[in-house]
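The values are calculated or read from the model by the stated rules, or taken from the named source; none is laboratory data. Nothing here was measured: the structure is a model prediction, and the numbers come from that model. Every residue, glycine as well, gets a Cβ built from its backbone with ideal geometry; the counts of neighbours run over all protein chains shown.
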Amino acid sequence: MTKIADHLISPKWIAPVMPKSCVLENHSVAILGGRIIEIQKTKDILRNYPTTRNVSLPNHLLTPGFINTHSHAAMTLLRGIADDRNMMDWLSNWIWPIESKLVDKDFVYDGTLLAGIEMIKGGTTTVADSYFYPDASAKAYEALSLRAQIGIPVLKFDNSWARGEKEHISRGLELHFQLRNDGLKKVALAPHAPYSVSDEGFKSMLQISEKHDLRVQLHLHETNQEISDSELEWGTRPIARLEKLGFLNERLQAVHLTQLTQSEIDLLAVRGIQVSHCPESNMKLGSGICPLAKLRAAGINVAIGTDGAASNNDLDMLQEVRTASFLSKAVTNDATTPSAFDCLEMITLNGARFLGLEQNIGSIEKGKEADLTAIDLSSIIHQPIYNPVSQLIYNCTANDITNVWIKGKQLLKNRQLCLFEAGDLDKNVENWKTRILNIIEDMP
């Protein structure tokens with residue numbers, strides 16, 4: 001009996017992530033209604049679906065789509081601004097002053113489009129984003145058909161989007177109600193950091209996150225200065241302050257965590273905290289090193305984020321996780337962990353767990369939504385191939401991604417965008433560059 005599917009994908013290898021450390025050779029995936037309905041040997045699936053369109057990828061590895069768990073997409077327009085500066089100098093004396101004079105809906109829309117194109121071309125199918133004017137970010141992700149967690153920024157400081165914590169939160173809830181039935185986008189609260197949010201703000205967000213079942217993403221223990229400033233102002237370290245407020249719970253997505261004691265790691269494990277590790281940004285800004293091995297040993301789910309391109313300076317998840325792997329191996333003097341398969345899981349299924357989406361995405365399994373990335377391993381620089389997953393993690397970059405699907409829709413085909421026309425984006429980006437340079441010229 002002839003079976004029906006929307007299309008088939010037939011790569012040389014499939015790395016499904018689940019089961020762990022598995023590579024399927026000469027297998028294919030059948031997709032119907034945006035979901036994976038079958039995974040079989042290619043010869044069998046072609047026989048069972050003789051009339052279904054088949055995407056043949058004879059030199060490719062197929063993986064789940066990559067999941068970037070921390071980014072400020074619109075800041076891609078600030079890529080290369082104030083390089084080689086320490087974190088608080090970079091933020092306080094450069095980024096914030098530029099943002100205060102420039103950021104509006106158009107800036108966020110264009111910057112998010114620019115970042116989204118880079119992410120799709122790099123195999124990323126889901127991103128956790130946080131920036132001002134989140135409604136403009138949502139509009140950009142809608143145009144790109146990219147899956148996203150839209151973080152609602154919450155700060156005690158006024159800015160062009162909102163004044164004070166209450167207005168940040170109320171405007172964020174408006175967007176949550178608009179998007180609550182959206183199939184690709186959902187809202188999370190995104191308090192900036194312990195030093196920029198009051199106790200009252202944290203308490204309010206705790207109540208709201210519980211009432212509306214919202215995830216909460218927070219920069220936490222990012223630098224030594226954050227710790228010392230907290231001890232001066234609050235008489236305690238930020239994690240201890242949040243624990244006292246009841247803010248440490250399974251909805252919290254903690255980002256960076258470069259300054260941790262073992263007792264803090266144990267507490268995070270008990271509270272079920274999700275962690276986004278952004279090694280390249282932390283290294284570039286001299287912030288410190290997240291203790292990846294200790295977090296994983298404690299049973300904490302660790303996923304990978306690129307942070308914004310203003311502090312990275314790219315959104316390449318393969319380079320990011322390679323950096324995470326090598327950095328951990330060097331710090332621990334243990335080359336065995338994380339393995340290449342661990343790394344693939346960190347940028348796929350761990351990212352889905354981080355977002356609470358592990359039942360729908362993050363692995364290539366029957367019944368899950370078809371968020372998929374295909375990597376071309378035919379180049380001479382990838383030969384010989386003994387283990388395609390090792391080759392992916394230790395040898396490939398975003399430039400090797402050729403095809404991307406989200407919910408079964410193909411967004412990238414042979415390195416070309418399928419569903420989005422860039423239009424005047426190049427010209428808009430150049431205009432933003434001119435305006436940014438003019439602001440810098442007038443800065444003291």
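Laid out as a table, the results:
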| item | result |
| --- | --- |
| The lone exception for Phe341 - which of (1) in contact (Cβ under 8 Å) with a residue 60 or more places away in the chain; (2) more than 14 Å from the chain's Cα centre (by Cα); (3) outside the structural domain of Leu292 (by TED's automatic domain parsing) it fails | (3) |
| The one condition in (1) at pLDDT below 95; (2) of a type in the set (D, E, K, R); (3) within 17 Å of Asn282 (Cα to Cα) that Glu99 fails to fulfil | (3) |
| Scope the range 414-423; condition loosely packed, with under 10 Cβ neighbours inside 10 Å and either among the charged types (D, E, K, R) or farther than 22 Å from Tyr141 by Cα (or both); matching residues | Glu421 |
| Candidate set from the range 147-163 (those that are part of a loop (DSSP other than H, G, I, E, B) and without any contact (Cβ under 8 Å) to a residue 40 or more places away in the chain); member that is nearest to Ser198 (Cα to Cα) | Phe157 |
| Ile380 being out of contact with any Phe, Trp or Tyr (no Cβ under 9 Å at 6 or more places or on another chain), β-branched (Val, Ile, Thr), loosely packed, with under 15 Cβ neighbours inside 10 Å and not assigned by TED's automatic domain parsing to the domain that holds Glu320 | yes |
| Every pair of residues 6+ apart whose Cβ atoms lie under 7 Å, when the first sits in the range 8-23 and is farther than 13 Å from Phe341 by Cβ while the second is modelled with pLDDT of 95 or more and among the small types (Gly, Ala, Ser) | Leu8/Ser28; Leu8/Ala30; Ile9/Ser28; Ser10/Ser28; Ser10/Ser56; Pro11/Ala374 |
| Top-ranked residue in the range 346-357 [being surrounded by fewer than 24 Cβ atoms within 10 Å (Cβ to Cβ) and in contact with a Gly (Cβ under 9 Å, 6 or more places away or on another chain); ranked as farthest from Arg322 (Cα to Cα)] | Leu357 |
| Enumeration of residues in the range 164-203 that are touching a residue at least 12 places away in the same chain (Cβ under 8 Å) and assigned to a loop (DSSP other than H, G, I, E, B) | Gly183, Leu184, His192, Ala193, Val197, Ser198 |
| Members of the range 410-439 that are among the charged types (D, E, K, R), farther than 24 Å from Ala74 by Cβ and not in a loop (DSSP other than H, G, I, E, B) | Lys413 |
| The range 349-381 - residue that is in a loop (DSSP other than H, G, I, E, B), under 20 Å from His27 (Cα atoms) and not aliphatic (A, V, I, L, M) and, of those, nearest to the chain's Cα centre (by Cα) | Gly362 |
| Residue within the range 12-26 that is of a type in the set (S, T, N, Q) and assigned to a strand (DSSP E or B) present | no |
| Helices (runs of 4 or more DSSP H) wholly inside the range 204-320 containing at least 1 residues that are without any contact (Cβ under 8 Å) to a residue 40 or more places away in the chain, more than 23 Å from Ile95 (Cα to Cα) and touching a strand residue (DSSP E or B) at 6+ places or on another chain (Cβ under 6 Å) | 292-297 |
| One residue from Glu358, Glu369 being touching a residue at least 60 places away in the same chain (Cβ under 8 Å) and either out of contact with any Phe, Trp or Tyr (no Cβ under 9 Å at 6 or more places or on another chain) or within 26 Å of Pro58 (Cβ to Cβ) (or both) | Glu369 |
| Residues within the range 105-146 that are over 24 Å from Asn360 (Cβ atoms) and not in a helix (DSSP H, G or I), tallied | 3 |
